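Below is one structure, written out as structure tokens; the observations come after it.
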Amino acid sequence: MAFCTCSAKSLTWTADSTGRNQFELWVDPYYTAVNGTHTFSADPILRLNCDAERETDWWLLEHLLLPRDILLEGSVNPLPVGGWAARKWARGTYRQVALDETNLVQALTEGFPEPWAVSLFMGNVVDLVSAADTTKVNGRGYSGLLVSWGAWHLVDNRLIRDDWVETEIKIKGDDIRPSRKLGWSFRGGWRENFNDDIRDAVFASIVRSRTDFRYAGWNPLRNSSIEMRIDLDRRSFPRLVFQQISLVVGKKFPLAGGKVAFCMSAGVVDALRPAYDGALRHFAPHGPKLLLRPDIDW
């Protein structure tokens with residue numbers, strides 16, 4: 001359950017007449033997933049009016065510790081996996097795709113530390129609707145506890161064997177309408193790596209993205225995106241030892257009469273101290289790296 005780029009598309013369907021079981025296919029260049037949701041309530045999966053962004057966030061926060069749904073998900077990160085494949089099987093081309101000392105394949109695929117994951121979510125899953133039409137689902141909102149597991153780790157477009165477990169508290173939503181797309185995510189948690197050469201981390205992350213297809217102004221809250229994450233060294237916790245900080249900001253430009261929008265995001269991920277020890281230390285030297293995420297929203 002990650003927050004993704006602006007070109008993401010979602011398809012949901014209800015498995016039974018009671019409305020208590022629902023499936024979703026989420027397709028995105030950076031994160032593609034399929035999940036199934038079951039509600040423990042006798043009522044269908046809840047529908048929540050999301051016309052007011054703050055009120056939606058507040059409802060999800062209020063019900064954070066009142067779980068009524070469970071969700072199981074399998075996910076894969078296509079572009080990050082593609083970066084690994086390019087480095088492994090097209091080394092000559094991979095090395096040539098560079099700008100000064102920045103490898104552009106790394107810049108386009110950095111920031112996703114795993115190729116795939118299996119996740120279990122316990123909390124609240126709501127279908128987001130508008131007051132004008134409560135029968136049409138525009139997206140989904142989540143608040144609760146998420147536990148994820150995987151068996152591999154990605155670093156510098158290399159695949160490293162590592163059983164890892166990540167546990168986090170999350171509030172997330174995606175409201176997709178013909179005239180605009182709005183997505184947000186607030187989460188905090190920790191990741192345990194069973195490979196001793198990879199340092200464990202405590203993290204916090206904030207993401208917000210909005211695309212207005214019929215707006216061409218420069219309001220910073222519209223046609224923009226921001227993603228910020230801070231990782232702390234878990235071994236030193238509760239003493240705050242910063243391990244890594246990343247910041248990505250984006251601007252979106254509506255085109256073709258409001259039918260599509262070009263999205264350009266850029267930022268930096270700065271490893272303030274090495275996140276790797278032993279045999280992996282030379283794979284990922286500390287220091288800043290450029291992040292580039294061009295996209296088309298439609």
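Derivation of every value follows stated rules applied to the coordinates shown; laboratory data play no part. Small disclaimer: the values here were computed from a predicted structure and weren't measured. Cβ: placed from backbone, ideal geometry, glycine included. Neighbour counts: every protein chain shown.
Per-residue counts of other Cβ atoms within 10 Å, averaged by peptide: what ranking do you get for 129-135, 244-250, highest first?
244-250, 129-135
I'd like the projected area of segment 1-102, averaged over all directions, using the convex hull of its alpha carbons. Report it in nm² with one decimal.
Quarter of the Cα hull surface area: 10.0 nm².
For helix 78-89, what angle does its Cα long axis make with the longest principal axis of the chain, in degrees from 0 to 90 and rounded to 10?
That works out to roughly 20 degrees.
With the crude spin-label approximation of a point 7 Å out along Cα→Cβ, what separation in nm comes out for Phe23 versus Ala266?
4.3
By the scheme Lys and Arg +1, Asp and Glu -1, what is the net charge of all other residues having a beta-carbon under 11 Å from that of Arg199?
Neighbourhood net charge equals -2.
Could you tell me which chymotrypsin sites (Phe, Trp or Tyr not before Pro) in segment 173-256 are loop residues by DSSP with no more than 14 other beta carbons within 10 angstrom of their beta carbon?
Sites meeting the loop and neighbour criteria: Phe194, Trp218.
Tell me the label-point distance for the pair Lys9, Arg281, using the 7 Å Cα-to-Cβ offset, in nm and rounded to one decimal.
According to this spin-label approximation, the distance is 4.8 nm.
Gap in Å between the Cα centre of segment 20-60 and the Cα centre of segment 74-107?
33
Which value in deg cm²/dmol, rounded to the nearest 500, describes the helix-derived mean residue ellipticity at 222 nm for the chain, given -39,500 (n - 2.57) per DSSP H run of n ≥ 4 and division by the residue count?
After summing the helix terms and dividing by residue count, I get -3000 deg cm²/dmol.
Angle check, please: helix 53-62 long axis (alpha carbons) against the longest principal axis of the chain (alpha carbons), in degrees 0 to 90, nearest 10.
In the chain, helix 53-62 runs at an angle near 80 degrees to the longest axis.
Over 5 Å intervals from 0, what percent of Cα-Cα pairs in segment 135-182 sits in each interval?
P(r) for segment 135-182, in whole percents per bin: 5, 15, 16, 12, 13, 15, 14, 8, 3, 0.
Hey, how much of the P(r) for segment 133-271 falls beyond 20 Å, as a percent of Cα pairs?
59
Build a GNM of the chain with springs between Cα atoms under 10 Å: which of Phe40, Phe237, Phe112 gets the top mean-square fluctuation?
In this elastic network of the chain, the residue with the biggest mean-square fluctuation among Phe40, Phe237, Phe112 is Phe237.
Could you give me the ³J(HN,Hα) list for segment 159-175, computed from phi with Karplus coefficients 6.51, -1.76, 1.60 and θ = phi - 60°, whole Hz, x at Gly and Pro?
Using θ = phi - 60°, the values come out as 9, 10, 5, 6, 7, 10, 10, 10, 10, 8, 9, 9, 10, 8, x, 9, 10 Hz.
May I have the pair-distance distribution P(r) for the chain, computed from all Cα-Cα distances with 5 Å bins from 0 and rounded to whole percent?
1, 5, 11, 15, 18, 17, 14, 10, 6, 3, 1, 0
Let me see the pair-distance distribution of segment 40-178: every alpha carbon pair, 10 Å bin width, integer percents in order.
Percent of pairs per bin, in order: 11, 30, 25, 21, 12, 2.
At most 11 other Cβ atoms within 10 Å and a DSSP loop assignment: could you name the GluC sites (Glu not before Pro) in segment 1-104 that fit?
Qualifying residues, ordered by number: Glu101.
Cut-off under 18 Å on the C-alpha distance; same-chain residues fewer than 8 positions from Lys172 excluded. Which lysines are left, in chain and number order?
Lys9, Lys181
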